[in-house]
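The block underneath contains the structure these notes are about, expressed in structure tokens.
Every read-out reported here was derived from the displayed coordinates using simple, explicitly stated rules and does not represent laboratory data. In this text, all values refer to a predicted model and were calculated from it rather than measured experimentally. Here the Cβ positions follow ideal geometry from the backbone for every residue, glycine too, while neighbour counts run over all protein chains shown.
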Amino acid sequence: MKRGRLACASQFPHTAIARDARNPCDHEGMDKGTVLVVEDEANIADLVDLYLSRDGFRVLKQGTGEGGLAALRDQRPRLVVLDVGLPDIDGLEVCRRIRATSTVPVIFLTARADEVDRVLGLELGADDYLTKPFAPAELVARVKAVLRRTDGLHAAEVVQVGGVVVDLGRREIRVHDAPVDFTTKEFELLRYLAERPGRALSRQQILDSVWGPDWYGDERTVDVHMAQVRKKIGEACVITTVRGVGYRMEPAAP
Ligand code: CA
């Protein structure tokens, strides 16, 4: 049964998420989750897809950095396999942008020794790397090892304010114990406030931390996302608007 579903998911990667979102098994950790593969060489991406799918992962493939970042935002994978040499944005820059908003584990694929040096030289928060050519089975082993390690790290990372739980390990928000769907930005926004209860946070501070210092845009973006967050958490906890400043999450009543 499980096998059939996963085989289906790998044949139709774009429908896999919607299918699983309706499947209660998804919340029970019964499948291994989604791996995003950002790689412009189709034969490598297909091979990685084949091996990871065979092992029970759902695989999303993107051939560009921009496509990868969009997929990360929309699909919230458990792990990213990231080629350094991409046609639009350099893989290291993609990783930098990922790290501005997400702790998702990243494994780099590098083609040359100088790329390895760059991956290791810059502290980008990558979790591992593999040099091409590599054995696909080795990549699967690395993926599992990184997930074991990072899941352990995040196991205790749960922030609770009132009736809202931000579960960093599961990348899940629960409102009165029920999982609620948050976009990546909404998740990071709520997390940022929940980790700083009782503190007034300016819109600029929030933008710098949640959207990243390189983000260019209007402070009203924060308000738009905050409205969504408030709608989703309802009365479970209180986010107060601080006039002329920004927002403050109220600590839960004792
Ligand atoms: Ca490449």
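For this structure, a couple of remarks:
- Over 22 Å between alpha carbons, listed pairs 144/185; 61/132; 144/232; 185/232; 185/231: 144/185; 144/232
- Relative to the compact-globule estimate of 2.2 N^0.38 Å, the Cα radius of gyration of segment 138-254 comes out at 1.17.
- Taking only the Cα atoms of segment 99-199, the ratio Rg/Rh comes out at 1.08, with Rh defined as the Kirkwood radius.
- Dividing the C-alpha radius of gyration of segment 91-143 by 2.2 N^0.38 Å, with N its residue count, gives 1.12.
- Peptides 177-184, 46-53 ordered by average Cβ neighbours within 10 Å, highest first: 46-53, 177-184
- Among 186-193, 94-101, sorting by the average number of other beta carbon atoms lying within 10 angstrom of each residue, highest first, gives 186-193, 94-101.
- For segment 28-158, a crude dipole built from +1 on the beta carbon of Lys and Arg and -1 on the beta carbon of Asp and Glu, taken about the Cα centre, is about 380 debye to the nearest 20.
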